[in-house]
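Comments concern the structure below.
Derivation of every value follows stated rules applied to the coordinates shown; laboratory data play no part. In this text the structure is predicted, and so the values were computed from the model without any measurement. Quick reminder, even Gly has a Cβ in these numbers, built from the backbone with ideal geometry, and neighbours come from all protein chains shown.
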Amino acid sequence: MSIILSGAPVASALRERIKNKTENLKAQGVYPTLAVLSVGEEGDNEAYLRGLSKQAEACGIDLLSENLPADASQSRAEEALRELGNDPAIHGILLLRPLPKSLNETALCRLIPPEKDVDCATDLSLAGVFSHRQLGFPPATPRGVMEILAHYEIPLAGKRAVIVGRSLVVGRPLAMMLLKEDATVTLCHSKTENLEEICRQADILVAALGRPRALSRGCFRPGQVLVDVGIHRLEDGSLCGDLDFGAAEPLAEAITPVPGGVGTVTTAVLLSHVITAAENNIL
Ligand code: NAP
């Protein structure tokens, strides 16, 4: 029987810490505020915004949401970001992606001041993750993974961590975070040879490859800690991750569920960044 590394208690503990800090900030006249800019109605942005807004309200954080029409020009989107960047009452800025293809995402991300870049949209934030320095903010999803591992007191120092997926939003920043905690890290990708064998060598195996149930029986051995970052909706409406949970769970020492694992923690992490940004503002 493995330990289920549920995200709910992790998110709940994070939200409690956020609420305490929000009260402290408000006592000093600072009202932590997150601005969310979206363009058109891409992906499932609306559902995401509803969830974010509910959690922000529960934590006492103000959320300002601005939606530009789908045919908004590059200069209109840039103007909106400049205004948010220059507004001292805004502590964090989130640019919802995907954006309409007509917009230059890289150029827009560059307009977010690093001190307000609460979800690592800028190169400086990413540089901070790679250099282990306090520059901007790390991406919320890999930070969520680290919060789960810390909450359940999973030892990392000296352990072999294998991450499947090398994207700039999940795999690569997570590798840097695990390295900072003295894990020995292997990053795998679509060209990796002997993937199953490498996965079996892991003490901590993270699936972040964006393929439903892609890591199956041959990737696991008894006693591993398994973290599933993936989330997919299947044809029957159910959700699954990048790991074959049915094959993994009987062997694992501990495993994150999908749903109810990493995805549950990421919004709380993002809001914790807004609080840090507001605190930094009064230092
Ligand atoms: P991504 O940008 O598509 O990157 C996928 C990575 O997996 C790439 O590095 C790719 O290798 C690698 N890969 C793909 N197929 C592979 C295979 N068969 N064997 C080995 N490696 C393979 O995906 P992402 O944005 O990082 O997202 C990864 C997963 O996390 C997705 O399931 C996504 O839904 C999920 N996600 C969850 C959250 C959350 O809050 N829970 C947030 C963001 C993402 P190459 O580099 O060689 O192409």
- Message: For S12, project a label point 7 Å along Cα to C-beta. Then give me every residue of region 135-155 with its amide nitrogen under 14 Å of that point.
- Response: none
- Report, in debye and to the nearest 20, how large the dipole of the chain comes out about its Cα centre when Lys and Arg carry +1 and Asp and Glu carry -1 on their Cβ. 520 debye
- Message: How far apart, in nanometres, would the label points at I231 and D87 be if each is projected 7 angstrom from Cα along the Cα-to-Cβ direction?
- Response: 2.6 nm
- Query: Hey, what did region 60-141 get for relative contact order, percent, Cα under 8 Å, at least 6 apart?
  - Reply: 22 percent
- Estimated distance in nm for a label pair at L283 and T192, the labels positioned 7 Å out from Cα along Cα-to-Cβ: 3.5 nm
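With +1 assigned to the C-beta of every Lys and Arg and -1 to the C-beta of every Asp and Glu, and no other charges, what is the dipole magnitude of region 136-188 about the Cα centre in debye, to the nearest 20? Numbers along the way, then the final one.
Numbers: 6 positive and 4 negative charges, 46 e Å.
Dipole about the Cα centre, nearest 20: 220 debye.
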- Output the relative contact order of the chain, whole-number percent, from Cα pairs under 8 angstrom with separation of 6+ residues. 22 percent
- Task: Could you estimate the translational diffusion coefficient of the chain from the Stokes-Einstein equation, with Rh from the Kirkwood formula over C-alpha pairs, at 25 °C and 0.890 mPa s, in whole µm²/s?
- Result: 125 µm²/s
- Given unit charges at Cβ for Lys, Arg (+) and Asp, Glu (-), the dipole magnitude of region 30-114 about its Cα centre in debye, nearest 20, is 200 debye
- Note on the structure: In terms of the charge dipole of the chain, which places +1 on Lys and Arg and -1 on Asp and Glu at the beta carbon, the residue among G261, A248, L108 farthest towards the positive end is A248
- Query: How about the chain: what cysteines have no other cysteine beta carbon under 4.7 Å from their own?
  - Reply: C59, C109, C120, C188, C240
- Query: Counting every Cα pair in region 140-263, what percent are over 18 Å apart?
  - Reply: 45 percent
- Task: Assuming a ≥ b ≥ c are the square roots of the Cα gyration tensor eigenvalues, decide whether region 30-114 counts as rounded (a/c under 1.5), prolate (otherwise, with a/b larger than b/c) or oblate.
- Result: oblate
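Any of K21/K180; K26/K54; K19/K159; K19/K116; K54/K116; K21/K116 with alpha carbons more than 23 Å apart? Name them for me.
Working: K21/K180 26 Å; K26/K54 19 Å; K19/K159 34 Å; K19/K116 19 Å; K54/K116 21 Å; K21/K116 17 Å.
Beyond 23 Å between Cα atoms: K21/K180; K19/K159.
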- Task: Express in whole angstrom the spacing between the alpha-carbon centres of region 113-168 and region 183-238.
- Result: 19 Å
